[in-house]
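Only one structure is covered here, and it is reproduced in the block below.
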Amino acid sequence: MLDIQFIREHADVVRESQRKRGESVELVDEVLRSDEVRRSSLKAFESARAQQKEIGKKVAAAAPEEKAALIAQTKDLSRRVAEYKSAADAASEAYTTAMWKLSNIVEPEAPEGGEDDYVVVKKVGTPRDFAAEGFEPKDHMALGTLVAGIDTRRGAKVSGSRFYFLRGAVARMQIAMLTMAVDQAESHGFTLAITPTLVRPEVMRGTGFLNSHADEIYRLREPDDQYLVGTSEVALAGMHEDEILDLSDGPLRYCGWSSCYRREAGAAGKDTTGIIRVHQFDKVEMFVYARQEDSCREHERLLAMEEEMLAKVEVPYRVIDTAAGDLGSSAARKFDCEAWVPTQGRYRELTSTSNCTEYQARRLNIRERVADGGTRPVATLNGTLATTRWLVAILENHQNPDGSIEIPQAMRPYMGGREVIEPTAWEA
């Protein structure tokens, strides 16, 4: 949610942000109109209520011959007060509905355009020349089958399409990767949290996920009415709902480990094989509560940590600045790190980090105490540090001609010193 005072004073900035996102510019005027109606309705109600109280005092002190007239006046005023209250409540509801439709204000530096209009910030590493090495690279599913590590056939048998089993050394590799991410996060001052994966609708809505992409989210309806999270960002944001935080010693930094669930409702025909686009996966997510003026610096910090992790798994990658039209509603700016996938001949997203400024905190009523004794909303930020999809890039970039997988040096201590995952005979 945005600051209504900012919208009143800088409506053109908000309109421009909506335009860059490809969203309704007219919504800004709707918010302003509903704000005016809300304020005037509330003023009318409060005025009538004050008048009602004043007459009530007069009734108590009136002479007997005056009371009848005053009581009649009081009854008429009570009816009007009820009408004014009803109008004020309706106006407040309309205002809130309009306000919650507005997306966060895009940072001026974010590129314009849609999904394909990102800006490449940099590229790191050189893709392997498999032709020069004398063999054709296998895709991650072929490799996962050879080493008895990925079983989508039985995953589909048990749970349906886009589910899978990770087994043996590949399962260990995922745990190693996530544990390595946790160790890195803790070394940078993050607190580990294993988070709930079911959340209340108010928390899901507060983080900005119940928008145009709500069909991506699994929902448990009556009698529970809860949502399965697609990222621990949701639970970590909700953890301090309705709280006043002490940020005097710096930002609060959390590292959330959870299973995540996504319906992939709009993914028909996309990545139908393998584990790139699946319904369930595990992830380590960074989440930060910071002072408003510190949010850009924290965003740079999260991006640097993602790159630190990518260096450890030794895959070529690039960093892109996501265009405004491809931002989620909560993000003011987002950077993605995309790893090179040899068999696809292109970069695929492995991580993203978003600066949500005060948008989520306003919706969840998360504030900090300031010098004058008052409070103000904090800024929230998030960033992926490792997730199941990383296995795709690791397997394909570290494969050998016989289908074995070289384990990246940094991961070996987390896999009991193992250096290679060898092909294994099994019934695929």
Count of residues meeting criterion [modelled with pLDDT under 95 and aliphatic (A, V, I, L, M)] in region 190-216
2
Specify which of the listed residues (317, 289) is of a type outside the set (Asp, Glu) and farther than 30 Å from residue 99 by Cα.
317
State which residue is farthest from residue 45 (Cα to Cα) when the search covers only region 84-130 and only residues that are surrounded by fewer than 15 Cβ atoms within 10 Å (Cβ to Cβ) and among the hydroxyl-bearing types (Ser, Thr, Tyr).
126
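Please go through region 253-276 and pick out each residue that is closer than 18 Å to residue 330 by Cβ and out of contact with any helix residue (DSSP H, G or I) (no Cβ under 6 Å at 6 or more places or on another chain).
Step one: of region 253-276, the residues closer than 18 Å to residue 330 by Cβ are 254, 256, 260, 262.
260, the sole residue that qualifies.
Test residue 344 against the criterion of being in a helix (DSSP H, G or I) and among the polar types (S, T, N, Q), and give yes or no.
Details: in a helix (DSSP H, G or I): no; among the polar types (S, T, N, Q): yes.
The answer is no for residue 344.
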Taking the condition of being touching a helix residue (DSSP H, G or I) at 6+ places or on another chain (Cβ under 8 Å) and either free of Cβ contacts under 8 Å to residues at least 12 places away in the same chain or part of a helix (DSSP H, G or I) (or both), how many residues in region 223-246 meet it?
4
From the residues in region 371-386 that are surrounded by 21 or more Cβ atoms within 10 Å (Cβ to Cβ) and among the β-branched types (Val, Ile, Thr), which one is farthest from residue 262 (Cα to Cα)?
378
Hey, any hits in region 393-400 for a residue that's within 15 Å of the chain's Cα centre (by Cα) and either over 30 Å from residue 143 (Cα atoms) or surrounded by fewer than 22 Cβ atoms within 10 Å (Cβ to Cβ) (or both)?
no
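One residue is enough: does region 92-102 have a residue meeting the conditions over 30 Å from residue 311 (Cβ atoms), assigned to a loop (DSSP other than H, G, I, E, B), modelled with pLDDT of 95 or more and not small (Gly, Ala, Ser)?
Initial filter on region 92-102 (over 30 Å from residue 311 (Cβ atoms)): 92-102.
Okay, now just the ones that are also assigned to a loop (DSSP other than H, G, I, E, B), so 102.
This time we only want the ones that are modelled with pLDDT of 95 or more, so: 102.
Filter once more, keeping what is not small (Gly, Ala, Ser): 102.
Yes, region 92-102 contains at least one residue that is over 30 Å from residue 311 (Cβ atoms), assigned to a loop (DSSP other than H, G, I, E, B), modelled with pLDDT of 95 or more and not small (Gly, Ala, Ser).
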Taking the condition of being surrounded by 15 or more Cβ atoms within 10 Å (Cβ to Cβ), charged (D, E, K, R) and within 27 Å of residue 83 (Cβ to Cβ), how many residues in region 8-33 meet it?
1
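Let's see how each residue does on (1) touching a residue at least 40 places away in the same chain (Cβ under 8 Å); (2) surrounded by fewer than 22 Cβ atoms within 10 Å (Cβ to Cβ); (3) of a type in the set (Asp, Glu); (4) in a strand (DSSP E or B):
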| residue | (1), (2), (3), (4) |
| --- | --- |
| 253 | yes, yes, no, yes |
| 264 | yes, yes, yes, no |
| 287 | yes, no, no, yes |
| 294 | yes, yes, yes, no |
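Any chance you could count how many residues in region 131-149 are surrounded by 15 or more Cβ atoms within 10 Å (Cβ to Cβ) and more than 16 Å from residue 407 (Cα to Cα)? First the steps, then the outcome.
So the first thing to find is which residues in region 131-149 are surrounded by 15 or more Cβ atoms within 10 Å (Cβ to Cβ), and the list is 137-149.
If we keep only those that are more than 16 Å from residue 407 (Cα to Cα) too, we end up with 137-139, 141-142, 145.
Of the residues in that region, 6 qualify.
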Could you tell me whether residue 126 is of a type in the set (S, T, N, Q) and in a loop (DSSP other than H, G, I, E, B)?
yes
Please name all residue pairs, on different chains or six or more residues apart, with Cβ atoms under 7 Å, provided the first residue is in region 125-146 and is modelled with pLDDT of 95 or more and the second residue is β-branched (Val, Ile, Thr) and assigned to a helix (DSSP H, G or I).
140/392; 144/170
Answer yes if at least one residue in region 203-221 is in contact with a strand residue (DSSP E or B) (Cβ under 7 Å, 6 or more places away or on another chain), surrounded by fewer than 15 Cβ atoms within 10 Å (Cβ to Cβ) and in a loop (DSSP other than H, G, I, E, B), and no otherwise.
no
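For residues that are among the polar types (S, T, N, Q) and crowded, with 24+ Cβ neighbours inside 10 Å, scanning just region 355-367, find the one that is farthest from the chain's Cα centre (by Cα). I'd like the intermediate steps shown before the answer.
The initial filter retains those residues of region 355-367 that are among the polar types (S, T, N, Q), namely 355, 357, 360, 365.
Of the ones still in play, those that are also crowded, with 24+ Cβ neighbours inside 10 Å are 355, 357, 360.
Working: 355: 10, 357: 12, 360: 9 Å.
Checked region 355-367; the qualifying residue farthest from the chain's Cα centre (by Cα) is 357.
In this structure, does residue 36 turn out to be surrounded by fewer than 16 Cβ atoms within 10 Å (Cβ to Cβ) and either of a type in the set (A, V, I, L, M) or modelled with pLDDT of 95 or more (or both)?
Working: surrounded by fewer than 16 Cβ atoms within 10 Å (Cβ to Cβ): yes; either of a type in the set (A, V, I, L, M) or modelled with pLDDT of 95 or more (or both): yes.
Against the criterion (surrounded by fewer than 16 Cβ atoms within 10 Å (Cβ to Cβ) and either of a type in the set (A, V, I, L, M) or modelled with pLDDT of 95 or more (or both)), residue 36 qualifies.
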Taking residue 233 and the conditions (1) surrounded by fewer than 20 Cβ atoms within 10 Å (Cβ to Cβ); (2) within 24 Å of residue 102 (Cβ to Cβ); (3) of a type in the set (Asp, Glu); (4) at pLDDT 95 or above, which numbered condition does it fall short on, given that it satisfies the others?
(1)
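Just checking, does region 43-59 include any residue being closer than 24 Å to residue 358 by Cα, part of a helix (DSSP H, G or I) and modelled with pLDDT of 85 or more?
Taking region 43-59 first, the residues closer than 24 Å to residue 358 by Cα are none.
The answer is no; no qualifying residue exists.
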Which members of region 343-354 meet the condition of being surrounded by fewer than 20 Cβ atoms within 10 Å (Cβ to Cβ) and not small (Gly, Ala, Ser)?
343, 344, 346, 348, 349
With the condition kept exactly as written, say whether any residue in region 403-424 is surrounded by fewer than 22 Cβ atoms within 10 Å (Cβ to Cβ) and modelled with pLDDT under 95.
yes
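The values are calculated or read from the model by the stated rules, or taken from the named source; none is laboratory data. All figures in this text were calculated on a predicted structure; none of them were measured in a lab. Neighbour counts run over all protein chains shown; Cβ positions are idealised from the backbone, glycine included.
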